[in-house]
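> Have a look at the structure that comes next, please.
The values are calculated or read from the model by the stated rules, or taken from the named source; none is laboratory data. Given the structure is predicted, the values throughout are model-derived calculations rather than measurements. Cβ coordinates were reconstructed from backbone atoms using ideal geometry, including for glycine residues, and neighbour counts include every protein chain displayed. The area values use the complete protein model at the heavy-atom level, side chains included, leaving out ligands, DNA and RNA. Shrake-Rupley method; radii C 1.70, N 1.55, O 1.52, S 1.80 Å.
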Amino acid sequence: MKLHLGCGKRDFGEGWHSIDCEPFPHVESYSITHLPFEDNSCDLLYASHVINYFDRNEVILLLQEWRRVLKPNGILRLAVPNF
């Protein structure tokens, strides 16, 4: 399973679960902080320019939630404007 977190208008197409707070037609869930997936169920999580909207303490909780759903040896791809 592949998740596109904070997808916005961009739809990666078939095989991707799109998550964003806006109700675009391709969005399946509206919270990137509480993912509706089982533990260790995702192969790939992709988030571009999303974590910069959270403060330091929130980012820790956010990454813990993403790690919860990520399979062992799964991939987390992050893009940030200013690390």
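> Quick one: would you say residue 73 is in contact with a strand residue (DSSP E or B) (Cβ under 6 Å, 6 or more places away or on another chain) and modelled with pLDDT of 95 or more? Walk me through how you get there before you give the answer.
Values: in contact with a strand residue (DSSP E or B) (Cβ under 6 Å, 6 or more places away or on another chain): no; modelled with pLDDT of 95 or more: yes.
No: the conditions fail for residue 73.
> OK, next. Among what's in the stretch 1-41 and is assigned to a strand (DSSP E or B) and in contact (Cβ under 8 Å) with a residue 40 or more places away in the chain, pick the residue that is most open to solvent (accessible area, probe 1.4 Å).
To start, the set of residues in the stretch 1-41 that are assigned to a strand (DSSP E or B) comprises 2-5, 16-19, 27-29.
Checking the rest, the ones that are also in contact (Cβ under 8 Å) with a residue 40 or more places away in the chain come to 2-5.
Numbers: 2: 69, 3: 0, 4: 6, 5: 0 Å².
Among residues in the stretch 1-41 that are assigned to a strand (DSSP E or B) and in contact (Cβ under 8 Å) with a residue 40 or more places away in the chain, the one most open to solvent (accessible area, probe 1.4 Å) is 2.
> Would you confirm, using the coordinates I've provided, whether residue 51 is in contact with a Gly (Cβ under 9 Å, 6 or more places away or on another chain), modelled with pLDDT under 95 and not polar (S, T, N, Q)?
On the way: in contact with a Gly (Cβ under 9 Å, 6 or more places away or on another chain): yes; modelled with pLDDT under 95: yes; not polar (S, T, N, Q): yes.
Here the answer is yes, as residue 51 does meet what is asked.
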